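The values are calculated or read from the model by the stated rules, or taken from the named source; none is laboratory data. Values in this document were obtained by computation on a predicted structure and should not be read as measured data. Please note: Cβ atoms are built from the backbone with ideal geometry, for glycine as well, and neighbour counts cover all protein chains shown.
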Amino acid sequence: MGHLIGPLVIGKVIGDVVDPFTPAAKMTILYGNKHVSNGYDIKPSLAAERPHVQISGASNASNLYTLDCCGHSRGIRCYSRELVMYMGSCPAVGIHRYVFVAFKQTGGGVVGVEAPQERQNFNTRQFASLNNLGLPVAAIYFNSHKEPKTTKFI
């Protein structure tokens, strides 16, 4: 799974969002039938609803994960419990990067994972440290930019 790190370095996910890590699981993100791969452009209208996320490849099916959807903290789920409500991408101007980071929980369940106090200035490293999550096991990112308004002609 080492080939998955290259795009995360190029997209500055490793460095800006998380420290270097070795992928230990495979994460699949689907918006409808659109498969998300690192660096893809996803329209905000497509990312409006919560995606389907699957984490696989771990050695133990009973492992629990925390999924951090950062890029202004778009949502955090822990063991199928939503700690922060998902918000779709909504860039006002320019291109924005949205990052999904999966952490294997080490504390034996959801009890130890706390919801962040605010979405502004969210820091993935700080969140992981405060919740004893360690390094990520998988990450995927996409880019999004404001969609042009459509004009209807009569």
Residues (closer than 24 Å to residue 149 by Cα and either touching a Phe, Trp or Tyr at 6+ places or on another chain (Cβ under 7 Å) or at pLDDT below 90 (or both)) located in the range 5-35
none
Which members of the range 99-128 meet the condition of being modelled with pLDDT under 85 and in a strand (DSSP E or B)?
104
What number of residues within the range 8-25 are outside any helix (DSSP H, G or I) and buried (at least 16 other Cβ atoms within 10 Å of the Cβ)?
7
Does the range 129-140 contain at least one residue that is of a type in the set (Gly, Ala, Ser), modelled with pLDDT of 70 or more and not in a strand (DSSP E or B)?
yes
Within the range 36-66, which residues are of a type outside the set (Gly, Ala, Ser), within 23 Å of residue 103 (Cα to Cα) and modelled with pLDDT of 80 or more?
36, 38, 40, 49, 50, 51, 52, 53, 54, 55
